[in-house]
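Okay, structure first, notes after.
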Amino acid sequence: MRRLFPVTEETAAQARADGGAPAAPGAAVDREWGLAELAAAYAYPDPGPGAPRPWLRANMVSSLDGAAQHEGHSKPISSAADMRIFGTLRALADVVLVGAETVRQEGYRPARARAEFAGARAAAGQAPVPAIAIVSASLDLDFTLPLFTSPLVPTLILTGAAAAPDRVAAAEKAGARVLVAGEGMGVEPARAVEALAGLGHTRLLTEGGPRLLGQLIAAEVLDELCLTVSPTLTAGGAQRIAGGPSVAVPHRFELVSLLEEDGFLFGRYRRP
């Protein structure tokens, strides 16, 4: 893996060691980064003094022609490096926010404990694993899945105040914690962030799907996008990483860092 942006002291020194070439993006030697290096590269911003405010980042993958999936799944356009970053981002998060349709399509399972991150999570006051928080208006979920029967921490469900009482009862009976984050059937993104922060979850990660990410963008609650650009072409009618109605004015984000491995680009973009 190479750091393409920003140029660091490490990349500049490597450039000099390689023959005195000027420090430039891509100067670092290609090698596999350790998990500690990835964790440092993707660390959440320092919360600063006072109570930390929630920070919501998204992690998505896209093909060169804009597809977020191939035949309904993201795995065909992913890579080993993408999955290392995927695991690292989960290990840094307090909670993973995901749409119900993505849970059904991708066969979501509970987050697993990683020995490599156990010490850092304990030092940060985090649970051994991030909680999975599902956004669902209907609560049409299979409560016999491991996501509900065997999580290390209880699975959360965000829904609206008008959700069917019998489905809420079924979710709670299955061990999930139901949080109301909307007045009607649906979930209001800003209230979802507030509800999670109310439980002490301020390092937030969403893995989509496209419909949920589109809602978060439209509500202007997304702080950061971690985007993997896969060197693949899929054609067809697959969804983009974000769906739903377009915003009135495009939201401009700033590039924070860019890594590369085997033709895959791993970018971090933040809201200014």
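The values are calculated or read from the model by the stated rules, or taken from the named source; none is laboratory data. The model shown is predicted, which means the values in this text are computed figures rather than measured ones. Here the Cβ positions follow ideal geometry from the backbone for every residue, glycine too, while neighbour counts run over all protein chains shown. Note: areas computed on protein heavy atoms with side chains; ligands, DNA, RNA excluded. Shrake-Rupley method; radii C 1.70, N 1.55, O 1.52, S 1.80 Å.
Descriptive notes on the structure:
- Counted residues, the stretch 128-146 - those being modelled with pLDDT of 95 or more, under 22 Å from MET83 (Cβ atoms) and over 17 Å from the mean Cα position of the chain (by Cα): 1
- The strands (runs of 3 or more DSSP E) found wholly in the stretch 48-137 and carrying at least 1 residues that are of a type in the set (Ser, Thr, Tyr) occupy 55-63.
- A count restricted to the stretch 39-73 and to residues that are of a type in the set (S, T, N, Q), open to solvent by less than 20 Å² (accessible area, probe 1.4 Å) and farther than 20 Å from ARG271 by Cα stands at 1.
- Residues within the stretch 241-256 that are over 26 Å from ALA43 (Cα atoms) and out of contact with any Leu (no Cβ under 9 Å at 6 or more places or on another chain), tallied: 6
- From LEU204, LEU212, LEU227, residue being under 21 Å from PRO272 (Cα atoms) and touching a helix residue (DSSP H, G or I) at 6+ places or on another chain (Cβ under 9 Å): LEU204
- Counting only residues that are among the aliphatic types (A, V, I, L, M), open to solvent by less than 50 Å² (accessible area, probe 1.4 Å) and assigned to a loop (DSSP other than H, G, I, E, B), the stretch 138-148 holds 2 of them.
- Scan of the stretch 38-78 for residues that are more than 19 Å from LEU205 (Cα to Cα) and of a type in the set (D, E, K, R), ordered by number: ASP65, GLU71
- Where a residue in the stretch 231-244 is over 20 Å from GLU207 (Cα atoms) and its partner, wherever it lies, is part of a loop (DSSP other than H, G, I, E, B) and open to solvent by 80 Å² or more (accessible area, probe 1.4 Å), with Cβ under 6 Å and at least six apart: LEU233/LEU64
- The number of residues in the stretch 209-227 that are touching a residue at least 60 places away in the same chain (Cβ under 8 Å) and open to solvent by 40 Å² or more (accessible area, probe 1.4 Å) comes to 1.
- Of the residues making up the stretch 149-208, those that are among the basic types (Lys, Arg) and crowded, with 17+ Cβ neighbours inside 10 Å are ARG167, ARG191, ARG203.
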